[in-house]
Amino acid sequence: MSDSPKILVTSALIYANGPLHIGHLVEDIYTDIWVRFQRMRGRDCIFVCADDAHGTATMLRADAEGVPVDELIETLRQEHIRAYERFSVAHDYYYTTHSEENRHYTELIWKRLRDGGHTSTAQVRQFYDPEEGIFLADRYVKGTCPRCKSEGQNGDNCDNCGATYSPVDLIDPRSAISGAEPIEKESEHYFIKLGDFEEVLREWVSPERLQSDVVNKLEEWFTQGLHDWDISRDEPYFGFEIPDAPGKYFYVWVDAPIGYMAAFRKVCDERGLDFDEYWGADSPHELYHVVGKDIIYHHCLYWPAMLHGAGFRVPTSVWVHGFLTVQGQKMSKSRGTQINAATYADHLNPDYLRYYFAAKLGAGSADIDLNFEDFVLRVNSDLVGKVVNIASRSAGFLHRLFDGRLGPSLDNEELFAAAAAAGDEIAASLEGREYNKAVRRIMAVADDANRYIDERKPWEMAKDEDRREELHAILTTCVNLFRTLMVYLKPIIPATVAQAEAFLGEEGLVWASSTSPRLDHPIERYEPLVTRIDEDKVAKMIEDSKQKPAVADGKPEGRLADDPIAAEIQFDDFSKLDFRVARVVAASHVEGADKLLELRVDLGGEERTVLAGIKSAYDPEALVGRLTVVVANLAARTMRFGTSEGMVLAAGEGGEEIFLLSPDAGAEPGMRIH
């Protein structure tokens, strides 16, 4: 394999605005299995990814939490790295788009496109949130699709019919931040002339490079015509400022894919690799991107156009996968089916989910479903009942009767040869990302091994001292069949196989390990590698994933006017909250904060400072002397602008529509609300 082209693989960037959930993991596990398989076969394969840190959402969340945006994105990046590690996702480097490397390549690509005549400027009328005082990114405008009339669609594309459009084309648009009806304002914007690259893109978009359904979707966009791409946003915006354009910032989708280059730059710096050897226009190596079907347009039109126009290579291919549904429906916080990666790993073995996804995933972009009943049955049947069962039924006899050592020969060489021969078919399926086919073939090998054990009955033969040599060969055959299965499963359940390698006394199984048996070799005592899934653990995981009630001192981030009622809670949960009457004794603006007021409240002899997001609705002077309600037993929270020692209760839609809760006449500070 040393003469083979080297490989660089990426999965789509995770947005730096929240924790990793199991929907994200579909893509990461899909990619990681393929990368691990390539490495097992001796291919030089590098895997990079990063957090997508820029844009309005990050800026708004940092503001809502009262922390510097740099601090927020680094905290989330470390959280994502820890989650990936728990699921054995083996990035060579996991970076952030908010980096100097990314700034360098973003500006370099922009300048090359500009100097090549592939950019332009124009006056653009765009939506502006009059309550928040910001221009609205596409994702922060919701409305009815102008083509299919589907409601609740994003500002740039329709999930229902796939149409792309400008936010101003939406029917009945509204701000997804405040719920207000946006107004149009004019501003100068910068564009990339996507049409300049139509010939190159048409040549690149082919069934040899892309899945057939992806090619068909791209052909629809070619038919509609390639429009100039608006790549600028006005301040305030968290991102990179466009060179020589004060107050104008690169749209997040410009520097997001360039984040792949920035992450690889870090690998180059660490290992002394040649960046241009991989990214140069004439690179002999392979470049693959794994993405969801909702970002085909960005990766199959914008991205290769940018790369070609700036003198870099285009991707070898972009592999598109489908979405994850849970119990046949979209993931839901209220139902507990939008499960964070960390929550899953707190309750269940991450390799179980890797195996289940592999058993479902093919090379196409069809959605897959996580059905919990099927999940439990499949893991218990396949991994516990078929695979590790082979080792558990053999190892005890080897240690009790043969000093924990494999014999010098196999009892059934034909069976081992058949298992080894299956490796070619399994390898072809893994190479083609037909993981479901690979899993079915692997389980067929496991079925053959279990039938062999049932037929030879080593537990009965162990009673006959005259048949010890034959028994030794049978047990050696069983362990070698198990070893072969571990080779095939290593890309899929790497943490479990690492434990199996320790049991086998053999580190670093590679793909070729399956072709010859391990003989006359010591093994360790068997410890359970996987155990049956307890359905109660699944139920507890779902319960812990349900949306928790939130009491807000001001409007929540991203709230829409039609927010559903939060998930149901029990009385014991509610009874933990200590609501107290409080009198506002002082109130003032918080310097540098757009939404916060600092309130000094008296809870009946005890004064506290509370930061409340009610600035848009109240004059501080008018609050002094007023009675309100405070959550008194909420832990103090240090924010960017100070420490808040409680939470005042408010209701409303946001903006001027915020109303502090007040007790009836006669209430006194310190009274508990019952």
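Restricting to DSSP H runs of at least four residues, report the calculated mean residue ellipticity at 222 nm for the chain, -39500 (n - 2.57) per run over all residues, nearest 500 deg cm²/dmol.
Value at 222 nm, helices only, nearest 500: -11500 deg cm²/dmol.
Of all accessible surface on segment 3-109 at a 1.4 Å probe, what whole percent is carbon and sulfur? Before the final figure, lay out each step's value.
Numbers: 1470 of 3180 Å².
Answer for segment 3-109 is 46 percent, counting heavy atoms of protein chains only.
Determine the relative contact order of the chain: mean sequence separation of Cα pairs under 8 Å and six or more apart, normalised by residue count, in whole percent.
Working: 1217 pairs, mean separation 89.1, N = 674.
The normalised contact order for the chain reaches 13 percent.
Beyond 11 Å, how much of the Cα-Cα pair distribution for segment 606-646 remains, as a whole percent? Before the final figure, lay out the partial values.
Values: 590 of 820 pairs.
Of all Cα-Cα pairs in segment 606-646, 72 percent lie more than 11 Å apart.
For segment 73-206, just say rounded, prolate or oblate: build the C-alpha gyration tensor, square-root its eigenvalues into a ≥ b ≥ c, call rounded for a/c under 1.5, and beyond that prolate if a/b exceeds b/c, oblate if not. Let's see the in-between values first.
Details: a/c = 1.57, a/b = 1.19, b/c = 1.32.
Note, shape of segment 73-206 comes out oblate.
Can you give the net charge of the other residues whose Cβ lies under 14 Å from the Cβ of residue 505, counting K and R as +1 and D and E as -1? Each step should come with its number before you reach the end.
Values: positive: 405, 483, 518, 525; negative: 403, 501, 506, 507, 520, 524, 527.
Its environment carries a net charge of -3.
Need one number: % antiparallel among DSSP beta bridges in the chain, to the nearest 5. It would help to have the intermediate numbers written out before the result.
Working: 54 of 77 bridges.
Looking only at bridges with both residues in the chain, the antiparallel portion is about 70 percent.
Accessible area per residue, 1.4 Å probe, Å², for the chain: what's the number? It would help to have the intermediate numbers written out before the result.
Working: 29130 Å² over 674 residues.
In whole numbers, the chain has 43 Å² accessible per residue.
Mind listing the Cα extents of segment 344-391 along all three principal axes, in Å, largest one first?
36, 25, 17
Just the Cα atoms of segment 574-651, one point each, no solvent: what log10 I(q)/I(0) does Debye give at q = 0.17, 0.27 Å⁻¹?
-0.60, -1.43
Can you give me the solvent accessible area of residue 231 with a 1.4 Å probe, rounded to the nearest 10 Å²?
Accessible area, nearest 10 Å²: 0 Å².
All other residues with a Cβ under 12 Å from the Cβ of residue 606 taken together, and with Lys, Arg as +1 and Asp, Glu as -1, what is their net charge? Don't skip to the end; give the middle numbers.
On the way: positive: 580, 583, 600, 608; negative: 602, 607, 645.
Residues near residue 606 contribute +1 overall.
Please work out the Cα center distance from segment 490-552 to segment 173-239, rounded to the nearest Å.
One Cα centre to the other: 43 Å.
Along the charge dipole of the chain, pointing to its positive end and built from +1/-1 on Cβ of Lys, Arg, Asp and Glu, which listed residue (379, 5, 38) has its Cα farthest out?
379
Apply 1/(1 + (r/R0)^6) to the Cβ-Cβ distance of residue 100 and residue 575, taking R0 = 56 Å, and write down the FRET efficiency to the nearest 0.05. It would help to have the intermediate numbers written out before the result.
Details: r = 51 Å, r/R0 = 0.91.
Efficiency for this residue pair is about 0.65.
Could you list, in their original order, any pairs among 142/615; 437/463; 330/615; 360/546; 266/540 whose Cα atoms are separated by more than 32 Å?
On the way: 142/615 26 Å; 437/463 40 Å; 330/615 36 Å; 360/546 25 Å; 266/540 40 Å.
Check vs 32 Å cut-off fails for 437/463; 330/615; 266/540.
Using only the Cα atoms of segment 436-530, construct the convex hull and provide its projected area averaged over every direction, in square nanometres to one decimal.
Values: hull surface 26.5 nm².
One quarter of the hull surface, i.e. the mean projection, equals 6.6 nm².
Once the Cα atoms of helix 388-402 and of the chain are each reduced to a long axis, what angle between those two axes, in degrees from 0 to 90 to the nearest 10, is obtained?
That helix lies at roughly 50 degrees to the long axis.
Which cysteines does the chain leave without a neighbouring Cys Cβ under 4.7 Å?
Here 45, 49, 268, 300, 478 come out as lacking a disulfide-compatible partner, given the Cβ-Cβ threshold of under 4.7 Å.
Test of understanding: what is the full-extension gain from residue 400 to residue 634, defined as 0.36 nm times their sequence separation minus their Cα-Cα distance? Write down the numbers at each step before the final one.
Numbers: separation 234, 0.36 × 234 = 84.24 nm, distance 5.91 nm.
Length difference between fully extended and current span is 78.3 nm.
Can you pull the percent of segment 192-324's accessible area that's carbon plus sulfur, 1.4 Å probe, other chains left in place?
Numbers: 2200 of 4930 Å².
The computed percentage sits at 45.
About the Cα centre of the chain, how large is the charge dipole given +1 on each Lys and Arg Cβ and -1 on each Asp and Glu Cβ? Please answer in debye to the nearest 20.
That gives a dipole near 1180 debye.
The values are calculated or read from the model by the stated rules, or taken from the named source; none is laboratory data. Predicted model only: the values in this text are computed from it and were never measured. Note that we place each Cβ from the backbone using ideal geometry, even for glycine, and neighbour counts take in every protein chain shown. SASA here: full protein model, heavy atoms, side chains in, ligands and nucleic acids out. Shrake-Rupley method; radii C 1.70, N 1.55, O 1.52, S 1.80 Å.
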